Amino acid sequence: MSDAQTINRQPRAANWASDAARRRVRRRYAADRRLQAYGIIAIALAVGLLGILVTSLVSTGFPAFVQTKVDLAIYVDPSKVDPKDPANGNFRALVREALAPFVPEGATDKQKIDVTKILTSDAPYIVRDYVVDHPDTVGKTVTLPIAVSDPYDQLQKGVIPKEVDALSWSQVRYFERLQTRGVVAEEGGRTSLKLEVYVDPARIAAGPPPSGDFAAVARDSLQAYLPDVHDTALFAMLADDAPDALANRVAEDPSLIGKTAQVIFPVAKPFAQLANGESPKVLNPRFTSTQIEAFDTMVAKGVVHMPFNWELFFNADSRFPERAGLAGAVTGSFYALLVCFLLSFPIGIAAAIYLEEFAPKNRLTDLIEVNINNLAAVPSVVFGLLGLAVFLGYFGLPRSAPLVGGMVLSLMTLPTIIIATRAALKAVPPSIREAALGIGASKHQVILHHVLPLAMPGILTGTIIGMAQALGETAPLLLIGMNAFIPSVESMGILEPATSLPTQIYSWADSPERGFVSRTSAAILVLLGFLVVMNIVAITLRQMFERKW
Amino acid sequence: MIGYVLLGLIALSALSYVLGRRRAIAAVQGREPELHSRPTYHGAFVAAWVGIPSILLVLVWLVFQGTVIDTLLLWSLPPGTTDGLDEGQVDLLLSEIRSVAAGNVFGEPSLVVQAAAERYQAWQTIARYAMVATAFSVALLGLLFASRRINPQFRARHGAERILTGLMIACSLIAILTTLGIVLSLLFEALRFFDRVSPLEFFFGLNWEPQIPIREGQVTGGGSFGAIPVFAGTLLISLIAMLVAIPIGLFAAIYLTEYAHAKVRATIKPVLELLAGIPTVVYGFFAVLTVAPALREFGETIGVPIAPNSALAAGAVMGVMIIPFISSLSDDAIAAVPRAMRDGSYAMGATRGETITKVLLPAALPGIMGGILLAVSRAIGETMIVVMAAGIIASLTANPLEPVTTVTVQIVTLLIGDVEFDNPKTLAAFALGLVLFVVTLALNVLALHIVRKYREQYE
């Protein structure tokens, strides 16, 4: 078809007012609105997920910022603690005696020991450390706030309940199924199951008195009603005296052996409560009734309180969540970041100055630039492998040390600092350089005396952002072993085994105790707090010193 | 010890700065303008000659001391001791000698080992003193050399500036050294791995059971290193992550660039970027604490069993982490489409939606693809989320509700705890690391290439 023909063709007059045209326009605008809606939904999802993340961390982490403690009045008995050598006293006994007022009357020795488990296992050491620091307290009574163990801490904070449901969801279902089949009945004042039982002569002997495994027969008869259930929790439905019901029945009428008969089995107590419309509860298996009684006494006497958990910040790690703190992790992170800063800041600035101001355009400098850009995108775990193979394997530097951690982190921060420094150097206007050169400064003098000071705010901003990224890095530190268990801060150094904030979060997240879940969230909040502060400093720095030329 | 030596050298260097300055001023009897360079430069020149060679010497010494002593130690062993021992056994002998020398005696070391340990200790002491002596004599030599050159005509500024330039070049070479270090260490250890396990098994084997007996008599699996299930798991989790991140990131970018009010854009963009600033260990804990239990509960209510460490939970959380990458890179790509194309489309009577889907997105597609490739490389290399939320057992499945494992998870689990560099289990981690490095590097190079080419098109 030629162009002339196309032009000559008469277009059909479009009727924009027709219904079809209106519908088309409506449809097109609906598509537009739909796209807009997708965008809003996407943003809402992303922001919502961020919100969920923060809320779940705050709600689980918040309880860890307070710690349940008991004000324990301890009589430092001179017969148990030698004033001359207080460190070797029998502090375990002191703690046990201090707990005596709370122990229920007539408690056995085992129950008394149970009561000491309300307190943290470190309790004797807390008392020892106090008495060693204050030797004049021997022979006096001191009142010390002592952390309670993890389950009681969680109980007091309401994280775990005192009583739990006695029956599992599936047990309730099994019972409901029996109820609908009309097997459940009230007999002789007890809720009972009326079951058809085949009294198997192979298992029950006539006696008299009849003998055999009545319990097994009772279980089998119950199983026959729910053939699809393969769950031993089902048999918890029969009361302890249920086999006796069968035994009595057979004793009354030995002719039942070999026949099928209806037997009335009493139901266990929680199921009986269920039948009466109650929801049966039992004591949480993490507590004993003596402990709960003692703990309730403590609460009633007003010695239990929940102060701010300073130990979270000033204690090092511990096996017991109630005693574990972040001091070791923060110290380790500080050392590693210090090494990282001391290495990457001067090296990064020097490299950036060379590449931006001096480097001739040749193969070597091209190679360096490509390398820097690619290093910024190498997965962090690969840097860990580098540290492991080169720093630990080849150079033989100590494992787990903040020195190695800092070196690995500095390799990762270097690209960030170099890129930020180059951008900052580029932003200094040429007139400054030209003026300095014009009055006879050498190129080095121009850069060191004039350009670098003017670029410093930008460089510092980039460095702080790089440090903030380094603070959150976990995988490379894990590979070089910087997740050591550090129970005291005093032994830490730049060449000693250490841990860091993110690796501490990883180790706590792996711990099974309930209390560590909360501590992990709290540690994350502390880490995020550091990151927020660092970023705010970087932004303020930029806003305060950034000049528009 | 080493720290004190380095501090001493730095202090000496600072001292020689003062010395150099004084000497320069004294050379012209205090009439500073007669000097070619200002006294500061003379001081800096001397300080550099004192500090740099000696500190370099200490570092090089530290690197080679171990190897040299080990070699000497092997030579000094009675003839025949190392006959018939392979490399690994010799290493074992050396580490036994070292641990005896350090005072950790397990069992009854042989007389040869005891004697060697004593020699080792003696040599270590000698080496340490020799290092201190050499380092300080080099420093003093430098001081002598540099300070003798000070005279009014000496161009100290040029000397100091040349040294500074040299230092800066050395610093920028660190980037190359790092890459070289990564490539060489990965390649070296991976080749040692492929000595023991054939590459064919590694790249095409379907069975990954790296737990092999380290000590004799330990009961473990046979140890097979077919990495296909690991690669498949990595791809599955990355795929899930992209399925979450691409739609959310892309639609968010479209809304922010084309529909949103400037004020909304200014508040939402930083909020999205917050997602990229959160450390990945936090995402990992979030996956374990919130997402996985929620998915499990949801699965229970609709009667589908979902594993607690399912690929879905890890992938979804990883997707959330990646949203800001996709959104900011697509944002850049859409914003880079020339104004004229947009205006042309509106002039034809297209709605905003039609302009976006029919004009802007096709034009921005290369940039968006580049961003997606970068995000994929990020997802493949991501470690902590999967270490905490994904499985350890390698199973070949495409079901996102089952646990799978990834390359990074295997690297971390194989290398956590004490490692010995001479068993395939450790070396396998380096082989996986090499694959990871090559794949992410290729993806990055490709992505940057696409993005750059596309940018040139419109400039």
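Derivation of every value follows stated rules applied to the coordinates shown; laboratory data play no part. These numbers come from a predicted model, not from an experiment. Counting neighbours? That spans all protein chains shown, and the Cβs are built from the backbone with ideal geometry, glycine included.
Annotations
- Charging the Cβ of each Asp and Glu at -1 and of each Lys and Arg at +1, and nothing else, the dipole of chain A about its Cα centre rounds to 3160 debye.
- Quotient of C-alpha Rg and 2.2 N^0.38 Å, computed over segment A:418-501: 1.73
- Look at the stretch B:176-186: the mean tally of other chain Cβ atoms within 10 Å of its residues' Cβ atoms is 6.
- Along each principal axis, Cα extent of segment B:224-458, largest first, Å: 67, 44, 29
- Segment B:224-458, dipole about Cα centre (Lys/Arg Cβ +1, Asp/Glu Cβ -1), debye to the nearest 20: 800
- Kirkwood radius and radius of gyration were both taken over the C-alpha atoms of the protein assembly as shown, and their ratio Rg/Rh is 1.06.
- Positive dipole terminus of segment A:427-549, leading residue within A:VAL532, A:ILE465, A:ALA427 (C-beta point charges): A:ALA427
- As a rough footprinting exposure proxy, the listed residues B:HIS42, B:HIS36 were ranked by other beta carbons within 10 Å of their own, and the order from fewest upward is B:HIS36, B:HIS42.
- Overall form of segment A:397-549 per C-alpha gyration tensor (a/c, 1.5; a/b vs b/c): prolate
- Selection from A:HIS444, A:ILE40, B:LEU59 lying farthest towards where the dipole of the protein assembly as shown points positive, charges on Cβ: A:HIS444
- Alpha-carbon Debye profile of segment B:337-459, log10 I(q)/I(0) at 0.11, 0.12, 0.18, 0.19 Å⁻¹: -0.60, -0.66, -0.97, -1.02
- Each peptide in A:511-523, A:210-222 was scored by the mean count of other Cβ atoms within 10 Å over its residues; highest first, the order is A:511-523, A:210-222.
- Packing order of peptides B:167-173, A:390-396, highest average first: B:167-173, A:390-396 (average count of other Cβ atoms within 10 Å over each peptide's residues).
- One quarter of the convex hull surface built on the alpha carbon atoms of segment B:2-171 amounts to 12.6 nm², the projected area averaged over directions.
- Among B:PHE154, B:PHE251, a tally of other beta-carbon atoms within 10 Å of each Cβ gives an order, fewest to most, of B:PHE154, B:PHE251.
- Unit charges on C-beta of K, R, D, E only; dipole of segment B:2-171, Debye: 1640
- Exposure proxy shown here: for A:GLU369, A:GLU546, the number of other Cβ atoms within 10 Å sets the order, fewest to most, as A:GLU546, A:GLU369.
- Chain A shape via C-alpha gyration tensor axes, a/c threshold 1.5: oblate
- Chain A: calculated mean residue ellipticity at 222 nm from DSSP helix runs of at least 4, using -39500 (n - 2.57): -17000 deg cm²/dmol
- Across the options B:SER345, A:LEU49, B:LEU256, the greatest Cα extent toward the positive end of the charge dipole of the protein assembly as shown (unit charges at beta carbon of Lys, Arg, Asp, Glu) belongs to B:SER345.
- Angle in degrees between helix B:262-277 and the longest Cα principal axis of chain B, rounded to the nearest 10: 50
- Considering only alpha-carbon pairs that sit under 8 angstrom and 6 or more positions apart, the relative contact order computed for chain A is 16 percent.
- Look at the stretch A:522-528: the mean tally of other chain Cβ atoms within 10 Å of its residues' Cβ atoms is 3.
- Shape call, segment B:224-270: gyration tensor on alpha carbons, a/c limit 1.5: prolate
- Mean residue ellipticity at 222 nm, helices only, chain B: -25000 deg cm²/dmol; runs of at least 4 DSSP H residues each add -39,500 (n - 2.57), and the sum is divided by the number of residues.
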